[in-house]
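The values are calculated or read from the model by the stated rules, or taken from the named source; none is laboratory data. The structure presented is a predicted model; accordingly, all values stated were derived computationally and were not measured. All Cβ positions, even for glycine, are placed from backbone atoms using ideal geometry, and neighbour counts span all protein chains on display. The area values use the complete protein model at the heavy-atom level, side chains included, leaving out ligands, DNA and RNA. Shrake-Rupley method; radii C 1.70, N 1.55, O 1.52, S 1.80 Å.
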Amino acid sequence: MKLKKVLVTGGSRGIGRALVMQLREKGFDVIAPSRNELNLLKSTSIDAFIDKFANDTFYAIICNAGINELAYIDEIQERDLHDILEVNLIAPIRLIRGLVKNMKKNRDGHIINISSIFGIVSKGKRTVYSASKFGINGVTKALAVELGQYHILVNSVCPGYTDTDLTKKNISKKEKAAVCKSIPLRRFAETREIATLVSYLITENTYITGETIVVDGGYTAN
């Protein structure tokens, strides 16, 4: 039996790595390109990747790759402004645009955008990151409406504070302890917990679409 093909961007670490492991255990043919195979900062690389899989049908496209450089508004570097929006927002649109044609013909499939709680709420130093995540949540809703007639379900998963390299880069141990006090469950999420939800959405879900699903231990309920 031919395995269903799933694309996971940013699959080498963090949430992406957990996703790749869980979905392969469930029997999916997971494509998790390295940066050399798919550089989300270069439209030519994205186009080449799309051309490579022009004859393939993806059952699920999971746009997980993301970057976040913290900076106050008057300290934002031009390169960071470009790169964050390019990787977190523009690249997913380009990938979906290029790969959805066969998915529509198949009249079945899932698109999952890994967003963030900072696409729902925000705080200082996250102007550009929040812009990208509020944006991708808007993309999710628009695509859910557009692609529903083809039985393609589109959702955003919005993790809260999660134990990843990106989180460790931006939050010191002292800051982590303070943040945990503001999370009702008093801890950061583990990557497998985010992956489990995404796995459910593409294996069991048949009716949830256009949603921004928060996984934050109750942080945004405060």
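Any idea how far the Cα center of the range 71-107 sits from the one of the range 190-222, in Å?
21
Of all accessible surface on the range 1-98 at a 1.4 Å probe, what whole percent is carbon and sulfur?
48
Cα centroid distance between the range 5-20 and the range 117-146, in Å?
20
Taking the alpha-carbon distance from residue 5 and a cut-off under 19 Å, which lysines remain once sequence neighbours fewer than 8 residues away in the same chain are dropped?
Reachable lysines: 26, 52, 101, 104, 105.
Pick out which of 76, 62, 96 has the largest mean-square fluctuation in a Gaussian network model of the chain, springs linking Cα atoms closer than 10 Å.
Comparing 76, 62, 96 in a Gaussian network model of the chain, the most mobile one is 76.
Once you've got the GNM for the chain with C-alpha springs shorter than 10 Å, pick whichever of 150, 207, 161 has the biggest mean-square fluctuation.
207
Take the alpha carbon gyration tensor of the range 1-58, find the square roots of its eigenvalues, order them as a ≥ b ≥ c, and report rounded if a/c is under 1.5; if not, report prolate when a/b exceeds b/c, else oblate.
Oblate shape, in that a/c is at least 1.5 and b/c is the bigger or equal ratio.
Using a 10 angstrom cutoff on alpha carbons, build the Gaussian network for the chain and name the most mobile of 69, 86, 146.
Result for the chain, Cα springs under 10 Å: 146 fluctuates most.
Counting pairwise Cα distances across the chain, what percent come out greater than 27 angstrom?
The calculated P(r) of the chain puts 29 percent of pairs beyond 27 Å.
If I model a spin label at residue 101 and residue 42 as a point 7 Å from the Cα along the Cα→Cβ vector, what separation in nanometres do I get?
2.3
List the aspartates and glutamates whose alpha-carbon lies under 14 Å from that of residue 42, not counting same-chain residues fewer than 8 positions away?
Output for residue 42: 83, 86.
Give me, ordered by chain and number, the residues 5 or more places off residue 213 or on other chains with an amide H under 5 Å from its own placed amide H.
Result for residue 213 returns 156, 157, 158.
Note the full-extension length gain between residue 93 and residue 24 as 0.36 nm times their separation in residues minus their Cα-Cα distance, in nm to one decimal.
22.3 nm
Please get the size of the charge dipole for the range 147-222, origin at its Cα centre, with Cβ charges of +1 on Lys and Arg and -1 on Asp and Glu, quoted in debye to the nearest 20.
That gives a dipole near 520 debye.
Which ³J(HN,Hα) values in Hz, rounded to whole numbers, follow from the phi angles of the range 39-45 under the Karplus curve 6.51 cos²θ - 1.76 cosθ + 1.60, where θ = phi - 60° and Gly and Pro get x?
9, 6, 8, 10, 4, 5, 5
Apply the Karplus curve 6.51 cos²θ - 1.76 cosθ + 1.60, θ = phi - 60°, to the phi angles in the range 143-160 and return the couplings in whole Hz, x for Gly and Pro.
Computed from phi, the couplings for the range 143-160 are 5, 4, 5, 5, 9, x, 5, 9, 6, 9, 9, 10, 9, 9, 10, 10, x, x Hz.
Using the heavy atoms of the protein chains alone and a 1.4 angstrom probe, what is the accessible area of the chain per residue in square angstrom?
Result: 52 Å² per residue.
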